[in-house]
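The values are calculated or read from the model by the stated rules, or taken from the named source; none is laboratory data. Bear in mind that the values here come from a model prediction, so they are computed numbers and not experimental data. Virtual Cβ from ideal backbone geometry, glycine too; neighbours counted across all protein chains shown.
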Amino acid sequence: MARALTSEETAAFDRLKNELTLAQPTLDTADAYYDGQQRLEVLGLAIPPELARFTVIVNWPRVVVDAIADRLDVKGFRLPGSDVGDEDLYATWVRNGMVDLDLMARVDYLVYGRTYKCVGAEPDGSERITVESPRQIITRRDPRTNQVVEALRLYDVENGQAKRATWYLENETRWLSGDGGWMVTDVDEHGLGRVPVVPTFRRRRTTIPQHRSLQGVSAMEDVVPITDAAARNISNAQLGQETHAVPQRGVLGATKGDFVGTDGKPLTAWESYFGAVWALGNKDAKTFQFDSSDMQNFERMMDLYARLASGTSGLPPNYFGLAADDAASADAIRSRESRLVKIAERDQVALGQSDAEVLRIADRIKTGSWNKDLEQLETLWYDAGTPTVAARTDAVVKLYASTDVNGRPLIPREMAMEELGWSPTKIARALQLLEAEETDPYIRGQREKEAADAASIPAVIGE
């Protein structure tokens, strides 16, 4: 039965709602820069409407976000004491569509500086993992325990006002309707003792400056002012190209009737201006031409801004259109991308901890009890670097072929497959095929024959 909020509940609800409302302008700005839709006022340009078509937006913020997001790919999840990823946990991840949804979560994380995942229960008792927009959800932490103690999601927006809400608490989830005042319409007493909302904040700090309404720092933040400067420069270059890059012509002592075509009809203004040869019948008319302007200063400034963007974002200069100074060898690529790789690895730590927490809550909802083994659950990632397939395979093969004093490989076979970048599903399939080959009598006989032939070769040579 629906009920109204108490005065204390209303105060707590309004506190979260107001914080989410205050965050919207910051999120609007982040969206505009990622989509390349920032307004001319933001760029500081006073351009009349008739010249607006000459403006160019340099979308370097998207370059920064996508370059990091492309290096954040989850490979699986590993339990403590195991050499390979856990198949059941990865199956839960895949079953909830997280292979695709996590792509959106990573972009939100880099654009807004935060992302949220919610865990709920289906009618059949199975878990349901969803990715929620930072525009719709906000969390609050207990400063003593640093744990999330409540979260609020506002949705079903009409005319800028949310009509429905979900209020997540440690032991229950409430659904509310906003028609004529917020009313609690349903309650789920899950008794988890934990809020089923897992936030991830990028570059989170122990204290938050007063001028910030958000936790987390967008990956675009440092490159935004440089992007504005580059947009001003290239927009000015567009105008200069139209007015100064082409030599300006002039004529003195001529009238409109002096510009006629071969048919004797007067030429239009554009035909007269762009004519390759001016032949005037008026002997007193004189033509002249101004020297064109040099546009290299605009190019030099764009190079400067590109290098500044590279330095602040950690991306190699070639990501911003600059030619590399060294040859594109494997070592040169790794050297240029060392900072970018480290940035991606730092983001993997934050995202990996959150993804592991999501699976802990999902397992609790599915089984009805907390699994202590999952407390040390590890998220596995594909390599954030750019190694070649040949280089990676060569390194793994050498590790697997090397043995200790007891003749055992330095790494197990399953771990070698994992280092090659194979997913848990592919590893399981490979192990099944290997087991089938080892138990097949024909294949086993062929291998024994090949081993015997190989062993007899030195003896034959010695005779």
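A few remarks follow.
- Long-range neighbours under 8 Å by Cβ, at least six apart or interchain, first residue farther than 20 Å from THR139 by Cβ within region 98-125, second of a type in the set (Phe, Trp, Tyr): VAL99/TRP93
- Those helices (runs of 4 or more DSSP H) of region 351-439 that lie entirely within it include none in which at least 3 residues are of a type in the set (S, T, N, Q) and touching a Cys at 6+ places or on another chain (Cβ under 7 Å).
- Enumeration of residues in region 217-236 that are modelled with pLDDT of 85 or more and touching a helix residue (DSSP H, G or I) at 6+ places or on another chain (Cβ under 7 Å): SER218, ALA219, MET220, ASP222, VAL223, VAL224, ILE226, THR227, ASP228, ALA229, ALA230
- Condition check for TYR168: among the hydroxyl-bearing types (Ser, Thr, Tyr), over 25 Å from the mean Cα position of the chain (by Cα) and buried (at least 19 other Cβ atoms within 10 Å of the Cβ): yes
- Note on region 53-128: enclosed helices (runs of 4 or more DSSP H) holding 3 or more residues that are under 10 Å from the mean Cα position of the chain (by Cα) are 60-69, 98-112.
- Filter pass, TYR116 being more than 30 Å from ILE411 (Cα to Cα), modelled with pLDDT of 95 or more and not charged (D, E, K, R): yes
- Extreme residue, surrounded by the most Cβ atoms within 10 Å (Cβ to Cβ), among residues of region 26-52 that are at pLDDT 75 or above and assigned to a loop (DSSP other than H, G, I, E, B): GLY36
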